[in-house]
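Everything on this sheet refers to the single structure shown next.
The values are calculated or read from the model by the stated rules, or taken from the named source; none is laboratory data. All of these numbers come straight from a predicted model, not from anything done at the bench. Ideal geometry is used to build each Cβ from the backbone, glycine not excepted, and the neighbour counts take in all protein chains shown. The accessibility values were calculated without ligands, DNA or RNA, using every heavy atom of the protein model including side chains. Shrake-Rupley method; radii C 1.70, N 1.55, O 1.52, S 1.80 Å.
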Amino acid sequence: DAGITQSPRHKVTETGTPVTLRCHQTENHRYMYWYRQDPGHGLRLIHYSYGVKDTDKGEVSDGYSVSRSKTEDFLLTLESATSSQTSVYFCAISWNPRDNSYEQYFGPGTRLTVT
Amino acid sequence: GIQVEQSPPDLILQEGANSTLRCNFSDSVNNLQWFHQNPWGQLINLFYIPSGTKQNGRLSATTVATERYSLLYISSSQTTDSGVYFCAVGVPISSGSARQLTFGSGTQLTVLP
């Protein structure tokens with residue numbers, strides 16, 4: 001398995017509070033992604049990064065921001081959490097130069113509940 | 001955007017039975033993956049298979065890219081095979097090698113002892 005960790009693994013927060021989720025990889029993969037998984041919608045891309053300080057929006061980016069200051073870390077921030085952001089959040093990585101492959105590997109997920 | 005359809009949506013098997021899961025996609029792709037989401041929510045990579053056939057133990061997969069479908073075969077199923085099986089296709093989202101995975105709705109597999 002790819003070395004991907006996410007923290008925290010579970011979080012309960014109140015509406016209106018800021019929340020930051022962290023993804024850490026030890027695989028030196030270039031690309032990092034944040035997805036959310038919701039019943040009836042499957043996994044959807046929030047934001048992704050193609051290098052240090054290089055990020056872009058995915059299909060459901062409203063209400064989220066990201067940052068990547070180091071190759072190994074990708075942060076997802078909810079500036080002011082809303083109940084619609086209750087979800088399971090997955091980080092993924094891809095593209096190790098050794099592999100020349102588009103395969104994505106997923107972290108263990110963070111279950112976020114906004115009350 | 002690309003559409004990914006999986007069938008069947010639900011499957012119940014007795015331990016030891018074989019099964020075939022299907023994934024159809026609406027456009028040509030060069031990136032297709034199969035995942036198993038276990039009851040604890042972990043997404044486990046099964047196959048990266050843009051084309052051709054691969055085997056890993058009791059599991060094998062075939063993708064026929066020209067006909068836009070992929071099949072996942074599970075033989076001699078075990079209770080630990082239970083969970084949701086997802087097919088996901090990758091589409092380019094930048095000029096580099098970044099890919100957005102579009103997931104199918106999954107097949108919920110239950111293997112009974």
Pull out the extension gain between A:Thr26 and A:Asp99, defined as 0.36 nm times the separation in residues minus the alpha carbon to alpha carbon distance; nm, one decimal. 24.8 nm
Considering every residue in A:102-110, what mean count of other chain Cβ atoms within 10 Å of its Cβ is obtained? 6
Counting other C-beta atoms within 10 Å, and keeping those with at most 14, which DSSP coil trypsin sites (Lys or Arg not before Pro) do you find in the range B:1-73? B:Arg58
Between A:Glu79 and B:Ala65, how many nm apart are label points set 7 Å from Cα along the C-beta direction? 4.1
Could you name the lysines whose alpha carbon sits less than 18 Å from that of A:Lys70, not counting residues in the same chain fewer than 8 places away? A:Lys53
Sequence-distant or interchain residues sharing an amide H contact under 5 Å with B:Ser82, placed H: which? B:Val111
For B:Asp81, A:Asp62, B:Asp27, B:Asp10, the accessible-area ranking with a 1.4 Å probe, largest leading, is A:Asp62, B:Asp10, B:Asp27, B:Asp81
Calculated from backbone phi, Karplus (6.51, -1.76, 1.60) coupling profile of the range A:98-110 in Hz, x at Gly/Pro: 5, 8, 6, 9, 8, 4, 9, 10, 10, x, x, x, 10
Shielding by partners, peptide A:21-34 (average Cβ within 10 angstrom, other chains): 1
How much length would be gained if the chain were fully extended between B:Ser105 and B:Gln42, taking 0.36 nm per residue of separation minus their Cα-Cα distance, in nm to one decimal? 21.1 nm
By the Cα gyration tensor axes a ≥ b ≥ c (a/c under 1.5 gives rounded; else a/b larger than b/c gives prolate, otherwise oblate), the shape of chain B is prolate
Mind checking the full-extension length gain between B:Asn56 and B:Thr79? Use 0.36 nm per residue of separation minus the Cα-Cα distance, one decimal, nm. 6.5 nm
Once you keep just the Cα pairs under 8 angstrom separated by 6 or more residues, what percentage relative contact order results for chain B? 35
To the nearest 0.05, the calculated FRET efficiency linking A:Ser69 and A:Thr15 through their beta-carbon distance, R0 being 30 Å, is 0.60
Can you give the average number of partner chain beta-carbon atoms within 10 Å of each beta-carbon in peptide B:101-110, as a whole number? 3
